[in-house]
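So the structure is just underneath, and the comments pick up after that.
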Amino acid sequence: MTRYFSEDHEWIEVEGDLGTVGITDYAQGQLGDITFVELPAEGSTVGKGDSVSVVDSVKAASDVYTPVSGTVTEVNGALADTPELVNTEADTGGWLFRVTLSDAAELGGLMDEAAYKSYVESL
Amino acid sequence: MSDINAGGWRPSMGEAGDAKFTTFSGDYGLMLEEALSFELGSADKCGVDLDPADRAPVAGLNKFLRKAAPGLPGLTEPETVRHYTRLSRQNYAIDLGPFPLGSCTMKHNPRLNEKMARLPGFADVHPMQPQKTIEGALEVIEQLADWLITLTGMASVAMSPKAGAHGELCGLLCIRAALDARGEKRDVVLVPESAHGTNPATAAFAGFKVESIPATPEGRVDVAALKAKLGPNVAGVMITNPNTCGLFEPEMKEIGDAVHAAGGYVYCDGANFNAIVGKVRPGDLGVDAMHINLHKTFSTPHGGGGPGAGPVVLSEALAPFAPLPFVTRGADGAIHLVEEENASEGHAQAFGRMVAFHGQMGMFTRALTYILSHGADGLRQVAEDAVLNANYVLRSCEDLLPAPFADSGPCMHEALFSDAGLAEGFSTLDIAKGLIDEGFHPMTVYFPLVVKGAMLVEPTETESKAGLDRFIGSLRSLAQRAKAGDQSLHSAPHFAPRRRLDETLAARKPVLVWKGEPGIPGTPSLSEIGGS
């Protein structure tokens, strides 16, 4: 399993051709208390960089962009009742959706954990 | 944050100010506590004298026959009057003090406007009255339309849209109709990051695909990025000018020319027209459509004062597609309403109708009163004073609160600050809540999104220098407390009718329906609403 990060503060953990996508702990900290998460439709086809989900917080509604292209296989149903999981467990239980990758080469354009860490420090 | 109301349900006023005791009534001096109307009322009370309801039910209601009492509060007239008057005393309004909500232009509503709007000939007209009996009212609409056209340098105006966002929709539907008339299918609308939040929503609602244009580090539209996106699929661009960073877009003309050259149209969000009225004519900048919020620039009341009005001025290119109905002056000099599409008067291309009737008479009367009582020179001074006041706030606070675009030149009608540099754990929200303790309505917070912890302050031209100094003193004091890590700011407001409410819980588990007294059947328990 390898975890990659985007400049828009999404993470994707990839195992085989299946990726799990969430927003980073830094992102949830910037957004503040999350009040609602709008998730993509299961089975929908998404293209890298598409706005596929919206995270509402007390401060703002923010688009979440999928870091890879593919088909959404599953969304995190627990977020309907407990959107705060994105705050408390951004890296784990607060994942947003799972996607089967249609082009694994897209991962090459993302950052690894160390690169993301220095990216955040540069902001 | 233990001082925050933890349960979310029925917060109480608690001890107000320095009070070290509680009162029997729950009121504190003349700061009056107030229950919900449902809790005050009972079914056996009524404000009017009705016949006993002892008749047999009307036949034929069948399943619509009510099986239980309707659940109305049941209040006498004095109870009703006191209820709303008490609530109004816990509110804050422009008539009580400065209301520096950025992007909203909360200026004083002159009382002359109200006096004119209440004249029976305007206040009591009915939209289905014969035209012959409302010629004066139609003339008000026509005169206002003429002023709006003159002030914006545009070809025509659609008066019927009911509000800013409704006006945006009107403008985009005109663009769609113009494209249809050209036989073109363009489906993309470009929206810069510095635009109003309603713009992308309007474009999506009108069936367009929205593409975002980044802002430059100076807080303006990235013109190169915008030009790169132009093409045969672009229907138009929606630009807010002055933008939501409080800055004028000096390259508007260049943007307009480029969009037109690519076959698109320019929509301008006129929400911030207050900063340029009498100084700049959007028509000269290549704008094809722009809504005008009469409740902002032209001082009609925001909310509460009745429905809004968002007339849309249109360029020559879009004018033929304006929605029905509208008021026009015929060749004979007589004013009449155009209610139907007709070729003889050149209205065959109207895209349709957005509302049943002719617009918002009360707002039209107020706006025209404002315009006529100011005159052209007065309107110009409105813009100048609004910009002067905003720059005074900007330059008076930028040493304590970072102003991200302070180096981009003078701001327009609003000053933008960020919460960078406050002590660890302190943010925009603490400053906003602190302003309530200081007796001000907070500024706009966390918008625009391009600035972290944004604080958008729009003082408007109707605040005096003494009033601005008082506000600036408060803002500076709060910034100093937040920089020094004053923990008491975390639990502000301390002196308002309610302490800091749990906004997260309110958003996650909203209680929207009154279901009865706490503790009795039908009432949500604290655990049900997420409290403890």
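Any read-out appearing in this document is the output of simple, stated calculations on the displayed coordinates, not a laboratory observation. Everything quoted here is computed from the prediction, not taken from an experiment. We place every Cβ from the backbone using ideal geometry, glycine too, and count neighbours over all the protein chains shown.
Each helix, a run of at least 4 DSSP H residues, gives -39500 (n - 2.57); summed and divided by the residues of chain A, these come to -4000 deg cm²/dmol at 222 nm. Residue exposure proxy: B:F64, B:F447, ordered by other Cβ atoms within 10 angstrom of their Cβ from fewest to most, comes out as B:F64, B:F447. Relative contact order for segment A:58-106: 46 percent, from Cα pairs under 8 Å spaced at least 6 residues apart, divided by residue count. Per-residue 3J(HN,Hα) values for segment B:258-272, derived from phi via the Karplus relation 6.51 cos²θ - 1.76 cosθ + 1.60 with θ = phi - 60°, read 5, 5, 5, 4, 8, x, x, 10, 10, 9, 10, 7, x, 4, 9 Hz in sequence order (x marks Gly and Pro). Summary of the geometry: segment B:187-229 and segment B:366-387, compared by the centres of their Cα atoms, lie 31 Å apart.
Percent relative contact order of chain B, based on C-alpha pairs within less than 8 angstrom and at least six residues apart?
Values: 976 pairs, mean separation 104.1, N = 532.
In percent, rounded to a whole number, it is 20.
Taking other Cβ atoms within 10 Å as a rough exposure proxy, B:M31, B:M128 sort from fewest to most as B:M128, B:M31.
Computed extension length for B:E398-B:N91: 107.5 nm, one decimal, from 0.36 nm per residue of separation with the Cα-Cα distance subtracted. Per residue, the convex hull spanned by the Cα atoms of the protein assembly as shown measures out at 219 cubic angstrom. Dipole of chain A computed with +1 at Lys/Arg Cβ and -1 at Asp/Glu Cβ about the Cα centre; of A:A115, A:V21, A:V58, farthest Cα towards the positive end is A:A115. Karplus-based coupling profile of segment B:329-337, in residue order and whole Hz: 9, x, 4, 7, x, 7, 8, 8, 8, with θ = phi - 60° in 6.51 cos²θ - 1.76 cosθ + 1.60 and x standing for Gly or Pro.
Summarising the label geometry, the points placed 7 Å from Cα in the beta-carbon direction at A:T73 and B:T150 lie 6.9 nm from one another. Spin-label model, A:E7 to B:H126: label points 7 Å out along the Cα-to-beta-carbon direction sit 6.3 nm apart. Expressed as a whole number of Å, what is the distance separating the alpha-carbon centroids of segment A:1-49 and segment A:94-123? Centre-to-centre (Cα) distance: 9 Å.
For A:S53, the amide hydrogen comes within under 5 Å of the amide hydrogens of A:V64, counting only partners 5 or more places away or on other chains and with H modelled in the peptide plane.
How long are the semi-axes of the equivalent ellipsoid of chain B, taking √(5λ) for every eigenvalue λ of the Cα gyration tensor, in whole Å from largest down? Don't skip to the answer; put the middle values down first.
Details: eigenvalues 338, 238, 108 Å².
Semi-axes (√(5λ), whole Å): 41, 34, 23.
Averaging 1/r over every pair of different alpha carbons in chain A and inverting the result gives a Kirkwood radius of 14.2 Å.
In the protein assembly as shown, if the dipole is taken from +1 on Lys/Arg beta carbons and -1 on Asp/Glu beta carbons about the Cα centre, which of B:A390, B:Q129, B:G29 is farthest to the positive end? Sorting the options by dipole projection puts first B:Q129. How much of the calculated P(r) for segment B:110-154 lies past 14 Å, in percent of all Cα pairs? Pairs farther apart than 14 Å: 59 percent.
Note on segment B:252-338: dipole from Cβ charges, positive end direction compared against B:V259, B:S315, B:P301; the farthest Cα belongs to B:P301. In terms of other Cβ atoms within 10 Å, B:D332, A:D33, B:D95 run from fewest to most in the order B:D332, B:D95, A:D33. Database remark: amide H of B:E193 closer than 5 angstrom to the amide H of B:I213, B:A215 (H placed geometrically; neighbours at sequence offset of 5 or more, or on other chains; Pro and chain starts carry no H). Across segment B:138-146, coupling constants 3J(HN,Hα) worked out from phi with the 6.51/-1.76/1.60 Karplus curve, θ = phi - 60°, read 4, 5, 4, 4, 5, 5, 5, 4, 5 Hz, and Gly and Pro carry x. A cut-off of 5 Å between modelled amide H atoms, ignoring neighbours fewer than 5 places along the same chain, links A:I34 with A:N87. Mean residue ellipticity, 222 nm, helices only, chain B: the sum of -39500 (n - 2.57) across DSSP H runs of n ≥ 4, divided by residue count and rounded to 500, is -9500 deg cm²/dmol.
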